[in-house]
Amino acid sequence: MDWTGIAQQLNLSERECLEANQFNTGKAQWIYHPDTFSWDMANRMKTFIKDNYPEPLPVNYTAVSNYMWIDMDDCVKMASLLRGEMVWTSETIAQVVELRKQGMIYKDIARQLSPVLNKSKVVAAYYGHIKSKVNAPLTCKEKHRIKELVDTHAEQMPFTELRAL
């Protein structure tokens with residue numbers, strides 16, 4: 001879309017036209033995937049934001065979405081990823097845990113989650129998750145299962161091993 005031409009016809013700035021447009025039909029999706037990620041698009045978005053919304057102006061993602069012709073929610077999420085912001089949801093942590101089980105190193109896991117995320121944040125999130133699991137109090141079900149196992153195997157264990165527990 002020729003936003004410059006539209007702005008000239010309406011005697012407005014290009015930014016004003018982009019902010020005012022509410023037409024969303026046909027906008028593309030932009031979901032981060034490490035194998036298809038394009039720095040060209042990311043840099044185009046970052047340049048637009050930098051040029052049109054210098055600090056302390058809040059970014060108008062309607063304008064960003066119209067300029068990029070990308071779904072607004074996807075623009076917001078990608079901008080967040082490009083700033084290195086990561087929301088550590090239970091789904092994200094589960095993905096990290098699964099990738100670690102598969103043997104993936106932290107640097108590669110970081111790349112799976114965001115183009116600019118560093119491995120130290122992934123390590124901190126992973127060990128924070130493990131620490132929360134270890135320090136969590138046992139549920140009644142877990143306590144009952146431990147009692148069952150001890151009762152079942154107590155007769156098979158030598159007394160010296162039981163005393164060590």
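Given a Förster distance of 22 angstrom, what is the FRET efficiency for residue 28 paired with residue 59, based on the Cβ-Cβ distance and rounded to 0.05?
0.70
State in Å² the accessible area per residue of the chain; use a 1.4 Å probe, count heavy atoms of protein chains only, and round to the nearest integer.
Computed with neighbouring chains in place, this is 70 Å² per residue.
Could you work out the relative contact order of the chain? I mean the mean sequence separation of Cα pairs under 8 Å and 6+ apart, divided by the number of residues, in percent.
19
State, to one decimal in nm, how far the label point of residue 132 lies from the label point of residue 92, with both points 7 Å from Cα in the Cβ direction.
1.2
Please list, by residue number, every one of the GluC sites (Glu not before Pro) in the range 33-106 that is coil in DSSP and has at most 14 other beta-carbon atoms within 10 Å. Before the final figure, lay out each step's value.
Working: sites: 85, 91, 98; in loops: 85.
Passing sites in the range 33-106 are 85.
Which entry in [x] 81; [y] 36; [z] 57 matches percent of Cα pairs over 24 Å apart derived from the coordinates of this structure?
[z]
Compute the helix-to-body angle for 90-101: its Cα long axis versus the longest principal axis of the chain, expressed 0 to 90° and rounded to tens.
60
For residue 119, go through the lysines and keep the ones whose alpha-carbon is under 19 Å away, minus same-chain ones fewer than eight residues off.
101, 107, 131
Can you give me the distance in nm between label points at residue 123 and residue 36, each placed 7 Å from the Cα along the Cα-to-Cβ direction?
3.3
Taking the dipole about the Cα centre of the chain, with the C-beta of Lys and Arg at +1 and of Asp and Glu at -1, give me whichever of 87, 65, 1 is farthest to the positive side.
The listed residue farthest towards the positive side: 87.
What is the magnitude of the charge dipole of the range 1-132 about its Cα centre, with +1 placed on the Cβ of each Lys and Arg, -1 on the Cβ of each Asp and Glu, and no other charges, expressed in debye to the nearest 20?
760
With the full set of protein chains in place, find how many percent of the accessible area of the chain is carbon and sulfur; take the probe as 1.4 Å.
55
The values are calculated or read from the model by the stated rules, or taken from the named source; none is laboratory data. Keep in mind the model is a prediction, meaning the values are calculated, not measured. Glycine gets a Cβ as well: all are built from the backbone with ideal geometry, and neighbour counts include every protein chain shown. For the accessible areas, the whole protein counts, side chains as well, though only heavy atoms, and no ligand, DNA or RNA atoms are used. Shrake-Rupley method; radii C 1.70, N 1.55, O 1.52, S 1.80 Å.
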